[in-house]
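One structure is given here, and the rest of the page talks about it.
The values are calculated or read from the model by the stated rules, or taken from the named source; none is laboratory data. Just so we're clear, the structure is a prediction, and the values are computed from it rather than from any experiment. Note that we place each Cβ from the backbone using ideal geometry, even for glycine, and neighbour counts take in every protein chain shown.
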Amino acid sequence: MKNQSGRMSRMVRRMAARIRSLRYRNQPERIVAMGYDEMASDYGSWALRHERPDRDKYTKLLLNNLPEGSELLELGCGPGDPTTRILAQHYAVTANDISESCIELAKQNVPSAKFILSDMTTLEFDAESFDAVVAYYAFHHIPRDRYAPLINKINRWLRPGGIFMAALYPYDVEQLVTEDWHGSTMYWSSYDEEKTLRLIREPGFEIIEQSKESAVEDGKETTFLWIIARKPGPD
Ligand SMILES: C[S@@+](CC[C@H](N)C(=O)[O-])C[C@H]1O[C@@H](n2cnc3c(N)ncnc32)[C@H](O)[C@@H]1O
């Protein structure tokens, strides 16, 4: 009986994913926004429960490299805990997400930050607006042909000497829609490590730290490519 209802709910999820991926095949950002709207609170408590030593390691590296009080933009902030909250204890944070539910939770979790609800690929800022731009586990939800224009914009938004830090999926995946990321349909897209690093270097970033970091998520090992890159500028 239990097996049967499990099979049924898997079938329903698969069908829902298929319908959503067909309906929004030209708007993958809608699939992502709807998915995170459905699971914002579940994702938030999972992220807090779930140990990711890479998150801590790179947050510490950032804190060591970026002076207190710097102006920082976070892309794809999610529900804001644990990372936006920690960043906002040290920096003037502007945080962005495409999911309204994530932004609502993040506002409660981090009242001192400024929030922008939008697709990160459509954001616009003046040149040299920030000392750092960070993206924790978010790029792999945007279509990969939008990576290069976004990385170029990030480079432009940074002041000379500014820092770009990101956790990226280092796999060659043109696009994939899955039916059960925290119970919701989700869209994924990424390049392999070599191409990702090339895209980051292209606008002139110098990569000052990089490593592949693995952690076990719900019994499955996942690996992210972490980078800290610097826009050339005054030494
Ligand atoms: C895996 S979660 C990571 C959340 C948070 N950065 C963390 O470290 O837990 C990915 C986040 O990126 C956001 N996201 C995905 N695509 C986006 C886009 N195009 N623009 C802005 N945010 C996006 C999602 O809504 C989600 O909150």
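Do the conditions hold for Ile151, that is, is it buried (at least 18 other Cβ atoms within 10 Å of the Cβ) and within 15 Å of the ligand (Cβ to nearest atom)?
Spelling it out, Ile151 is indeed buried (at least 18 other Cβ atoms within 10 Å of the Cβ) and within 15 Å of the ligand (Cβ to nearest atom).
Does the range 188-235 hold any residues that are touching a Pro at 6+ places or on another chain (Cβ under 6 Å), aliphatic (A, V, I, L, M) and over 21 Å from Glu174 (Cβ atoms), and which are they?
Once the filter is applied, which keeps residues that are touching a Pro at 6+ places or on another chain (Cβ under 6 Å), aliphatic (A, V, I, L, M) and over 21 Å from Glu174 (Cβ atoms), the range 188-235 yields nothing.
Select from the range 82-104 the residues that are buried (at least 19 other Cβ atoms within 10 Å of the Cβ), assigned to a strand (DSSP E or B) and either more than 8 Å from the ligand (Cβ to nearest atom) or modelled with pLDDT under 95 (or both) and list them in ascending order.
Passing the criteria: Val93, Thr94, Ala95.
Among what's in the range 130-146 and is within 11 Å of Leu168 (Cα to Cα) and part of a helix (DSSP H, G or I), pick the residue that is nearest to the ligand (Cβ to nearest atom).
Looking at the filtered set, the residue picked out is His141.
Within the range 36-81, which residues are more than 11 Å from the ligand (Cβ to nearest atom), acidic (Asp, Glu) and assigned to a strand (DSSP E or B)?
Glu71 - this is the single residue of the range 36-81 that is more than 11 Å from the ligand (Cβ to nearest atom), acidic (Asp, Glu) and assigned to a strand (DSSP E or B).
Taking the range 180-235 on its own, how many of its residues are closer than 30 Å to Met15 by Cα, of a type in the set (D, E, K, R) and touching a strand residue (DSSP E or B) at 6+ places or on another chain (Cβ under 6 Å)?
Number satisfying all stated conditions: 1.
Within the range 69-96, how many residues are among the hydroxyl-bearing types (Ser, Thr, Tyr), without any contact (Cβ under 8 Å) to a residue 40 or more places away in the chain and more than 14 Å from Trp157 (Cα to Cα)? Full working, then the answer.
Start the filter on the range 69-96 by keeping residues that are among the hydroxyl-bearing types (Ser, Thr, Tyr), which leaves 70, 83-84, 91, 94.
Checking the rest, the ones that are also without any contact (Cβ under 8 Å) to a residue 40 or more places away in the chain come to 84, 94.
Going one step further and asking which of them are more than 14 Å from Trp157 (Cα to Cα), we end up with 84.
Residues flagged as among the hydroxyl-bearing types (Ser, Thr, Tyr), without any contact (Cβ under 8 Å) to a residue 40 or more places away in the chain and more than 14 Å from Trp157 (Cα to Cα) within the range 69-96 amount to 1.
Only residues that are surrounded by 16 or more Cβ atoms within 10 Å (Cβ to Cβ) and without any contact (Cβ under 8 Å) to a residue 60 or more places away in the chain: list them for the range 131-147, please.
His140, Arg144, Arg146, Tyr147
Determine, yes or no, whether Val110 is over 17 Å from the mean Cα position of the chain (by Cα), modelled with pLDDT of 95 or more and within 13 Å of the ligand (Cβ to nearest atom). Give the steps one after another, and end with the answer.
On the way: over 17 Å from the mean Cα position of the chain (by Cα): yes; modelled with pLDDT of 95 or more: yes; within 13 Å of the ligand (Cβ to nearest atom): yes.
When the stated conditions are applied, Val110 passes them.
For the range 35-81, give me each residue that is crowded, with 18+ Cβ neighbours inside 10 Å, in contact with a His (Cβ under 6 Å, 6 or more places away or on another chain) and acidic (Asp, Glu).
Listed by number, the list is empty, since nothing qualifies.
Which ones in the range 191-235 are of a type in the set (S, T, N, Q) and out of contact with any Lys or Arg (no Cβ under 6 Å at 6 or more places or on another chain)?
First pass over the range 191-235, keeping only residues of a type in the set (S, T, N, Q): 196, 210-211, 214, 222-223.
Scanning the range 191-235 gives Thr196, Gln210, Ser211, Ser214, Thr222.
For the structure I just gave you, tell me whether Arg10 is loosely packed, with under 13 Cβ neighbours inside 10 Å, more than 13 Å from the ligand (Cβ to nearest atom) and in a helix (DSSP H, G or I).
yes
Within 14 Å of Asp97 (Cα to Cα) and either touching a residue at least 24 places away in the same chain (Cβ under 8 Å) or touching a Lys or Arg at 6+ places or on another chain (Cβ under 8 Å) (or both): does that describe Asp37?
Working: within 14 Å of Asp97 (Cα to Cα): yes; either touching a residue at least 24 places away in the same chain (Cβ under 8 Å) or touching a Lys or Arg at 6+ places or on another chain (Cβ under 8 Å) (or both): yes.
Answer is yes for this residue.
Let me confirm something: among Ala166, Ala229, which residue is touching a residue at least 60 places away in the same chain (Cβ under 8 Å), under 23 Å from Ser99 (Cα atoms) and not in a helix (DSSP H, G or I)?
On the way: Ala229 fails: under 23 Å from Ser99 (Cα atoms).
Going through Ala166, Ala229 in turn, just one is touching a residue at least 60 places away in the same chain (Cβ under 8 Å), under 23 Å from Ser99 (Cα atoms) and not in a helix (DSSP H, G or I): Ala166.
Take the range 180-205 and flag every residue that is among the charged types (D, E, K, R) and within 10 Å of Gly35 (Cα to Cα).
At the first step, the residues of the range 180-205 found to be among the charged types (D, E, K, R) are 180, 192-195, 198, 201-202.
Selection gives Asp180 alone.
Among Glu202, Glu221, Glu209, which is the only one that is over 16 Å from the mean Cα position of the chain (by Cα) and free of Cβ contacts under 8 Å to residues at least 12 places away in the same chain? Before the answer, list the steps.
Values: Glu202 fails: free of Cβ contacts under 8 Å to residues at least 12 places away in the same chain; Glu209 fails: free of Cβ contacts under 8 Å to residues at least 12 places away in the same chain.
Result of the check over Glu202, Glu221, Glu209: Glu221.
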